[in-house]
Amino acid sequence: MNENTPVSPDTAAMGRRRFINTAALAGLAVGVTACNSKPDSAPAPAAAPAAPAAAHASGGASAHLKPGELDTYYGLWSGGHTGDMRVLGLPSGRELLRIPCFTPDALVGWGITNESKKIMGTKADGSLRYTVGDTHHTHASYKDGNYDGRYAWINDKINSRIARIRLDYFVCDKITQLPNVQGFHGIFPDKRDPVDPAINYTTRVFCGGEFSIPLPNAPTEDASKYQSLFSCVDAETMEVRWQAMIDGNCDLVATSFDGKLAATNQYNTEMGAKYEDMMSAERDACLFFNIARVEAAVKAGKFKTIGNSKVPVVDATRKANADPKTALSAYVSVPKNPHGVNASPDTKYFICAGKLSPTATVIELTKVLDWFDGKLEKIDDAIVAEVELGLGPLHTAFDGRGNAYTTLFLDSQVVKWNVAAAIKFHAGDKTAKYVVDRLDVHYQPGHINASQSETVAADGKYLAVGCKFSKDRFLPVGPLHAENEQLIDISGDKMVLMADHPVRGEPHDFIIFKRDLLRPKQVYALDDFPNAVKDPKESGVFRNGKKVTVKLTSLAPAFSMREFKVKKGDEVTLILTNLDKIEDLTHGFAIPNYNVNFIVNPLETASVTFMADQPGVFWCYCTHFCHALHLEMRTRMIVEA
């Protein structure tokens, strides 16, 4: 296929059929070398070492930093099945931190301390409601079209939860479960408030429900009774503000820079319950929401509620929104089973990648708004380009210079293409060469993002791509291979592969932003914790019947009490405050046989509650190396029979 071949209905259908034959009928067997859409492109080489960083054609950018040299970018990555968020430094690719969210973490005591359990959610007996998670997408809060360093959010697809991360301390502070939603996948914050133009920062986060279910949920195999919900969460309170009933499912989410539109691509408009039904239609949709109209409808009481939830639910189905002048939603037709919708940094376009079509679709946002205003006859006229890129296009990133970068899953490539040239080509200028460059990656790439990509400050320096298979790129470690995250220099005309990074599966999406946008705090404020033990003299054992509170402080290299006594059958709440004020001086606290282990950072307070059900002497010790006398830093818990 020529990379600039016009996309006639017959040609596009032929490309789609070829993709289905090579992918769907083979069970999407990504290990098979796929047909390449560029005739002169060779198959991806096996385990070829990357060129030395100093030899890069784009000016010598290097992923290797000198000892003590700091990275210039932060990366926030999903952790996948570990249910957490990873913090990377770039360009080195060094993992700096894991922020636990949805699953317990033994290092910091997440899911063990009372404070973390309150955030995660518990059953009536005090045990965690969920202990598994599946994080996919992470995004951060905006101001003036760029990241503002306040918050980041991440989803849990399994249990339809959204977590908020405070970026001053890099900790999760709130988790919300979306009602009546299964398979919460796409997520994106707004970039300004559309109702009040003076509010030019994030006030809400949009969440797409992927799996359609009966509403309210009830056992039935009749998929015609299933529907999906698109949800809006308040950025500050983390409460669900409203939901929208839609036709089809949601995949990923994007928002416009003016705050007026939110969108989700839909890969199953057929509402199929089986995969062959989910790809029977040649075109699906990119669904747009007029945010101001939705909020006005909620304010006017034009909503219903579902089941036990009190969240307002508006009707955003096709039938209820046929009149553009009153419509809350608009369905733009795009091919086929699209996977990804991304906002260009020039603020003009949303781009959907076809997945089961070799195409990317460019949608002009002013035309979508024109349709809502009755100035555009057909919503599909908002499509200004639909061009072929290669086999299995998934996700798209941007460099701020008018170029887009899309992953080709089956071709194992990243394709660099110019959006303006694609629009000219679509309009009939067949001399417009929109494909700029191709780069083989290893192997079967999925998510992709570039430095500052979906902000007005996109700088086109680094591109990261998450490859779902590493095959022969790393030492074999048994059947479960590492995945491969690759770093690419995009500062020049040609993409240059800089580094491979093995990563435990299965991470998904990520963002990359300049380090000067964050000012993380190194020490907590003692007054932030209502139960803080502010002076070692406040330490002690305080009894109220069978409920006992033990108050402790840590100050290297000692705890404030050398021992403390409780009785068998007591419910013990232990409160520990770290009184050290020195940066990086963290203490831990572990109790053998009691499933207790957590940390307290400088001037942080944490607590645990447990039943003293085993009599004896139990040495409680500091688990986090803190001092030359770290091994001697301990206290005794004596449980009397």
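The values are calculated or read from the model by the stated rules, or taken from the named source; none is laboratory data. Source: prediction; values computed, not measured. Don't worry about glycine lacking a Cβ; one is built from the backbone with ideal geometry, like all the others, and counts go over all protein chains shown.
There is at least one residue in region 138-152 that is in contact with a Phe, Trp or Tyr (Cβ under 7 Å, 6 or more places away or on another chain), surrounded by fewer than 21 Cβ atoms within 10 Å (Cβ to Cβ) and either modelled with pLDDT under 95 or not in a loop (DSSP other than H, G, I, E, B) (or both).
Answer yes or no as to whether residue 298 is assigned to a loop (DSSP other than H, G, I, E, B) and in contact (Cβ under 8 Å) with a residue 24 or more places away in the chain. Considered against the rule, which asks whether it is assigned to a loop (DSSP other than H, G, I, E, B) and in contact (Cβ under 8 Å) with a residue 24 or more places away in the chain, residue 298 comes out as no.
Listed by first and then second residue, the pairs linking a residue in region 100-113 that is on the phi > 0 side of the Ramachandran plot and in contact (Cβ under 8 Å) with a residue 60 or more places away in the chain to a residue that is surrounded by 23 or more Cβ atoms within 10 Å (Cβ to Cβ) and aliphatic (A, V, I, L, M), with Cβ atoms under 7 Å apart and 6 or more places separating them unless they lie on different chains, are 109/606.
Checked against the criterion of being of a type in the set (S, T, N, Q), under 26 Å from residue 316 (Cβ atoms) and not assigned by TED's automatic domain parsing to the domain that holds residue 458, the candidates 361, 396 yield just one match: 361. When residue 132 is tested against (1) among the β-branched types (Val, Ile, Thr); (2) out of contact with any helix residue (DSSP H, G or I) (no Cβ under 7 Å at 6 or more places or on another chain); (3) crowded, with 16+ Cβ neighbours inside 10 Å; (4) within 29 Å of residue 253 (Cα to Cα), just one condition goes unmet, and that condition is (3). Just a yes or no: is a residue in region 496-515 of a type in the set (Gly, Ala, Ser), in a loop (DSSP other than H, G, I, E, B), outside the structural domain of residue 155 (by TED's automatic domain parsing) and touching a Leu at 6+ places or on another chain (Cβ under 9 Å)? The answer is yes, given that some residue of region 496-515 is of a type in the set (Gly, Ala, Ser), in a loop (DSSP other than H, G, I, E, B), outside the structural domain of residue 155 (by TED's automatic domain parsing) and touching a Leu at 6+ places or on another chain (Cβ under 9 Å).
Under the condition of being under 23 Å from residue 493 (Cα atoms) and over 21 Å from the mean Cα position of the chain (by Cα), the residues counted in region 392-411 number 5. Of the residues making up region 610-639, those that are part of a strand (DSSP E or B) and surrounded by 12 or more Cβ atoms within 10 Å (Cβ to Cβ) number 13.
When region 184-202 is filtered for residues that are touching a strand residue (DSSP E or B) at 6+ places or on another chain (Cβ under 7 Å) and crowded, with 21+ Cβ neighbours inside 10 Å, the ones remaining, listed by number, are 184, 185, 186, 187, 188, 189, 190, 191, 192, 202. Reported count of residues in region 217-267, each being among the aliphatic types (A, V, I, L, M) and assigned to a loop (DSSP other than H, G, I, E, B), is 4. Taking the criterion of being buried (at least 19 other Cβ atoms within 10 Å of the Cβ) and closer than 28 Å to residue 76 by Cα, would at least one residue in region 565-573 satisfy it? Checked region 565-573: no residue is buried (at least 19 other Cβ atoms within 10 Å of the Cβ) and closer than 28 Å to residue 76 by Cα.
Checking each residue in region 229-240 for being at negative phi and touching a residue at least 24 places away in the same chain (Cβ under 8 Å) picks out 229, 230, 231, 232, 233, 234, 235, 236, 239, 240. When region 577-602 is limited to residues that are under 16 Å from residue 170 (Cβ atoms) and touching a strand residue (DSSP E or B) at 6+ places or on another chain (Cβ under 9 Å), the one that is surrounded by the most Cβ atoms within 10 Å (Cβ to Cβ) turns out to be 600. With the condition kept exactly as written, say whether any residue in region 564-571 is modelled with pLDDT of 95 or more, farther than 16 Å from residue 113 by Cβ, outside the structural domain of residue 117 (by TED's automatic domain parsing) and aromatic (Phe, Trp, Tyr). Looking through region 564-571, at least one residue is modelled with pLDDT of 95 or more, farther than 16 Å from residue 113 by Cβ, outside the structural domain of residue 117 (by TED's automatic domain parsing) and aromatic (Phe, Trp, Tyr). Residues in region 138-172 that are under 13 Å from residue 102 (Cβ atoms), in contact with a strand residue (DSSP E or B) (Cβ under 7 Å, 6 or more places away or on another chain) and not hydroxyl-bearing (Ser, Thr, Tyr): 153, 154, 155, 156, 157, 159, 161, 162, 163, 164, 165, 172.
A quick yes/no check of all residues on (1) modelled with pLDDT of 95 or more; (2) β-branched (Val, Ile, Thr); (3) in contact with a helix residue (DSSP H, G or I) (Cβ under 7 Å, 6 or more places away or on another chain):
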{"site": "253", "(1), (2), (3)": "yes, yes, no"}
{"site": "257", "(1), (2), (3)": "yes, no, no"}
{"site": "261", "(1), (2), (3)": "yes, no, yes"}
{"site": "268", "(1), (2), (3)": "no, no, yes"}
{"site": "292", "(1), (2), (3)": "yes, no, no"}
{"site": "295", "(1), (2), (3)": "yes, no, no"}
{"site": "306", "(1), (2), (3)": "yes, yes, no"}
{"site": "314", "(1), (2), (3)": "yes, yes, yes"}
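If you go through region 120-159 and pick out every residue that is small (Gly, Ala, Ser) and in contact with a Gly (Cβ under 7 Å, 6 or more places away or on another chain), you end up with 1.
One residue is enough: does region 445-457 have a residue meeting the conditions over 22 Å from residue 349 (Cα atoms) and either surrounded by 18 or more Cβ atoms within 10 Å (Cβ to Cβ) or at pLDDT below 95 (or both)? Yes: region 445-457 contains one or more residues that are over 22 Å from residue 349 (Cα atoms) and either surrounded by 18 or more Cβ atoms within 10 Å (Cβ to Cβ) or at pLDDT below 95 (or both).
This table checks each residue for (1) part of a strand (DSSP E or B); (2) over 41 Å from the mean Cα position of the chain (by Cα); (3) more than 22 Å from residue 111 (Cβ to Cβ).
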| site | (1), (2), (3) |
| --- | --- |
| 542 | yes, yes, yes |
| 550 | yes, no, no |
| 569 | no, yes, yes |
| 577 | yes, no, no |
| 590 | yes, no, no |
| 598 | yes, no, no |
| 607 | yes, no, no |
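Taking only region 554-567 into account, find how many residues are part of a strand (DSSP E or B) and not charged (D, E, K, R). Residues that pass the stated criteria total 6. For residue 428, are the conditions met, namely being more than 29 Å from residue 500 (Cβ to Cβ), out of contact with any Lys or Arg (no Cβ under 6 Å at 6 or more places or on another chain) and surrounded by fewer than 19 Cβ atoms within 10 Å (Cβ to Cβ)? The answer is yes for residue 428.
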